[in-house]
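The values are calculated or read from the model by the stated rules, or taken from the named source; none is laboratory data. Values in this document were obtained by computation on a predicted structure and should not be read as measured data. Backbone-built Cβ (ideal geometry, glycine too); neighbour counts: all protein chains shown.
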Amino acid sequence: MQSGGWPVNRRSPARESPAREQGRISRMLRDHPELRLLSYMTLVNMFGTGMFLATQVMFFTRVAGLTAGEVGLGLAVAGTCAVFAGVPLGRSADRLGPRRVLLVLLVTAGVGTAGYLVISSLVMFIVLVGVVNAVGQGSNAVRGALIAAVVPGAERVTVRAWLRTVANMGTAAGAAVAAVALQINSRGAYDVVIVADALTFLVTAAILVRLRIPEGALGGVPRQRAGVATPRRRRALADRPYLLVAALNGVIAAHSGVLEIGVPLWIAGSTNAPRWLISALLVVNTVMVVTLQVRASRGIDDPGQAAVALRRTGILLAVACVAFGLAQGLSVFPAVLVLLVAGAVYTVGELLSASAGWVLSYDLADPAAHGEYQGVFTSATAAGALVSPLLVTGTAIRYGMPGWLMLAGLFLAGGFACGPAVRRAEAHVLAETDRVK
């Protein structure tokens, strides 16, 4: 696809200063309405998500009348549905166009979310939460295909990094607003949050309608003219080298449960650190993502550099896990200091992991089937996130320092295995390219 006026990024090894980086993003936002609309969509959608995530447990237990165990069961089923939704919905985006499919998914998510207001049984809860989560995960794959359709390849990682920054800002703002409902702690307050979240999906869909996709583009490549032979698309589920890379990225993605589940339980049950540090670490993580994600994407321009970034990610996550474990038994001030440093190291690894994953998901895919390939990659990431809570509680929380070492070894192994896997996938892409010429 031609750049269509986007400033193609000829990245050099030298890093730009934060001020120049921000200036470049500002120029892109000013000059390209597509990026502005994608930003508005992300901000609105994630604002609603932030409100919902902060209140979902209280809503489902206090308003819907479910037990904590029933909520956990429903969310586990929903996570499983999300893993299997990416590929078929991504494939639909390749056939029908990402904007059309995403519109349907957004409206479905909005209606499903509003349905939470009338939950009357466990079965109804499981069905609704399963549908909403499957649609949400599928939307990630379709959004990836949409970005491929409107953004030139050289700019996709920068755009994804910027949108992740916007997503974190939206989530934080939504969670802050939800604090009001949590303080009021009434059915009416929680109902307002659910309605507002449902409306954000519809507002996002309304913004999407205005997004212009280059003529003839589908999944990021021009459609073939009538009478011109179309090369056979690679099938993502049959692309073994790509599947291996996606699976290893899923192993790295299992780090999500460390900060969200493992560290809070570890601080509360096994260290002398004050419990307010749990929130402080999440704030540090959010601030670092908002301020550094775009900059962290610089210099990760091709699969080889992405593989190096994932190796560094494995090392950083391993160091963070060891540091989290070392906080046990320390007095208050040293424990706080060690945990804050560990949280910062962890977040740098998370930033590199996200940027590297975007490069691999696009550059190793068949450009004629970005939706399907994005579906595979996002499903592998979802699978890693799904098993992460059990993995973290079954190692670090159960066994203490030996468990943290197990996690460190897992992330190290996953990071170092990415290099050979990526080289194999690159060779496969080159071979397929030569075959169809």
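Every residue, every condition in (1) at pLDDT 95 or above; (2) outside the structural domain of Ile147 (by TED's automatic domain parsing); (3) closer than 30 Å to Ala149 by Cα, yes or no:
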site	(1), (2), (3)
Leu360	yes, yes, yes
Ser379	no, yes, yes
Leu386	no, yes, yes
Leu391	no, yes, no
Trp404	yes, yes, no
Leu407	yes, yes, no
Phe411	yes, yes, no
Val422	yes, yes, yes
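Looking at this structure, is Val111 assigned to a helix (DSSP H, G or I), at pLDDT below 95 and not aromatic (Phe, Trp, Tyr)?
no
Among the residues of segment 320-360, what is the count of those that are within 20 Å of Met406 (Cβ to Cβ) and either of a type in the set (S, T, N, Q) or not in a helix (DSSP H, G or I) (or both)?
4
List the number of the failed condition for Ser279; all other conditions in (1) among the hydroxyl-bearing types (Ser, Thr, Tyr); (2) within 20 Å of Ala172 (Cβ to Cβ); (3) buried (at least 17 other Cβ atoms within 10 Å of the Cβ) hold.
So Ser279 meets the others, but not (3).
Restricting to segment 121-158, what's the tally of residues that are at pLDDT 90 or above and either among the β-branched types (Val, Ile, Thr) or not assigned by TED's automatic domain parsing to the domain that holds Leu53 (or both)?
Going through segment 121-158 one residue at a time, the tally reaches 9.
Of the conditions (1) crowded, with 24+ Cβ neighbours inside 10 Å; (2) at positive phi, Cys418 fails just one. Which one is it?
Among (1) crowded, with 24+ Cβ neighbours inside 10 Å; (2) at positive phi, the lone unmet condition for Cys418 is (2).
If we scan segment 143-152, do we find a residue that is β-branched (Val, Ile, Thr), surrounded by fewer than 16 Cβ atoms within 10 Å (Cβ to Cβ) and assigned to a helix (DSSP H, G or I)?
No.
Give me the residue from segment 375-415 that is under 16 Å from the mean Cα position of the chain (by Cα) and hydrophobic (A, V, I, L, M, F, W, C) and, out of that set, surrounded by the fewest Cβ atoms within 10 Å (Cβ to Cβ).
For segment 375-415, the residue satisfying everything is Val387.
Whether any residue in segment 31-40 is closer than 16 Å to Ile147 by Cβ, modelled with pLDDT of 90 or more and buried (at least 20 other Cβ atoms within 10 Å of the Cβ) is what I want to check.
yes
Ala161 - would you say it is farther than 30 Å from Leu364 by Cα, out of contact with any Leu (no Cβ under 7 Å at 6 or more places or on another chain) and not polar (S, T, N, Q)?
No, not satisfied.
If a residue must be in a helix (DSSP H, G or I) and under 18 Å from the mean Cα position of the chain (by Cα), how many such residues does segment 285-311 contain?
15
Sort out which residues of segment 50-102 are of a type in the set (Val, Ile, Thr) and part of a helix (DSSP H, G or I), and write them in order of number.
Thr55, Val57, Thr61, Val63, Val71, Val77, Thr80, Val83, Val87, Val101
Given the criterion out of contact with any strand residue (DSSP E or B) (no Cβ under 8 Å at 6 or more places or on another chain), more than 18 Å from Val203 (Cβ to Cβ) and modelled with pLDDT under 90, identify the matching residue among Val87, Val101, Val8.
Val8
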